[in-house]
1. What's the extension gain from Ser98 to Phe162 if we count 0.36 nm per residue and subtract their Cα-Cα distance?
2. When all alpha-carbon pairs of the range 39-79 are counted, what percent fall beyond 14 Å?
3. Please list, in order along the range 146-163, the HN-Hα scalar couplings obtained from phi with the Karplus expression 6.51 cos²θ - 1.76 cosθ + 1.60 (θ = phi - 60°), rounded to whole Hz, x for Gly and Pro.
4. Based on the alpha carbons, how large is the Rg to Rh ratio for the range 77-149 when Rh follows Kirkwood?
5. Starting from 0 in steps of 5 Å, tell me what percent of the Cα-Cα pairs of the range 135-277 lands in each bin.
6. At q = 0.11, 0.19, 0.20 Å⁻¹, work out log10 I(q)/I(0) for the range 91-195 with the Debye formula, treating every Cα as an identical point scatterer and leaving solvent out; two decimals please.
7. Using only the alpha-carbon atoms, what does the range 17-132 span along each of its principal axes? Please give whole angstrom values in decreasing order.
8. Take the Cα radius of gyration of the chain and divide it by 2.2 N^0.38 Å, with N its residue count; two decimals is plenty.
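None of the figures in this text is laboratory data; all of them are computed from the coordinates on show. Keep in mind that this is a model prediction, so the values were computed, not measured. Backbone-built Cβ (ideal geometry, glycine too); neighbour counts: all protein chains shown.
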Amino acid sequence: MQISTEYPEQVNLPFNFGLIRDNFSFRTPLDEDTGETGTWVIIQGGGVLAHHAGGGMQLPEGELPSGLTPKNTPLCIGSWQGKPVRVISILQNTVLPSAFSCEQFNAVVQNLDEDILTLAGLGKQILHWERQSRHCSRCGGTTSWIRGSWGRACLSCRAEHFPHIHPCAIVLVRRGDEILLARKREWAPGRYGLVAGFLDFGESLEECAVREVKEEAGIDIRNVRYVASQNWPFPAQLMAGFVADYSGGEIAIDPGELEDARWFNTSSLPDLPAKRSIARWIIDTFAT
Ligand SMILES: [Zn+2]
């Protein structure tokens, strides 16, 4: 068997590091913070603070805008265009300074440019990890940063913990001119997307794709092919995208997971997920 060494083309979807690689470099928490002012990622609930500047929406720069009370010690995650980026979260009910708005990550119309969205998502994901990892999952002891990494070490039992990012498979199923789309109850009315789910114990991603489509929609698939992935910081998933062919079965949804699933002809698709998602990228790339 000949093994190809070519990888799928890099897909610079929002939230993938490649999209900000030229302007961002990581640091780790115990690196010295020079105190130089820079950019703020200020998370409020499901959004990030931004203001109009230079023809677009920008994150705050310089001193922390007055009137905001951080819920955490500012966490410097790296440098953005050569200056430090610090992340904080603020209370949901904080009244914002008049120049600022809280831009929702899941906004129907996204005002933030993709690189700003990606930087903010990265800050959100790291902040989530910082919050989740303050205590050891083995003994409950307090943890502290491991020098040179984003890992945490337990001060009591010395167990080490590293960032948790959860793999999911997301699958486009094709049957002739049709594709299988599904919707969850909590989605916007009329919107359909792809079947997706978390990796289970002992599974490969391809096995996960096969199982999720069978469990949620009752459909058997074959020719499961990996196409691209997207980091999804809500709060910490890695979406691995697949395209597969229908091989049998009738649609039978799991009502605990889905509200509906059906075959759509690719010439008349319903309302689809936002452009920022890998679901939409897969549909646009492989179903038109
Ligand atoms: Zn411990």
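1. Working: separation 64, 0.36 × 64 = 23.04 nm, distance 3.87 nm.
Extra length from Ser98 to Phe162 when fully extended: 19.2 nm.
2. Counting pairs separated by more than 14 Å, the tail of P(r) holds 53 percent.
3. Values, residue by residue: 8, 4, x, 8, 9, x, 10, 10, 6, 6, 8, 9, 6, 4, 10, 10, 10, x Hz.
4. 1.04
5. Using 5 Å bins, I get a P(r) of 2, 9, 16, 18, 17, 11, 7, 7, 7, 4, 2, 0, 0 for the range 135-277.
6. Each listed q corresponds, in turn, to -0.65, -1.06, -1.09.
7. For the range 17-132, the Cα spread along each principal axis is 35, 29, 28 Å.
8. 1.12
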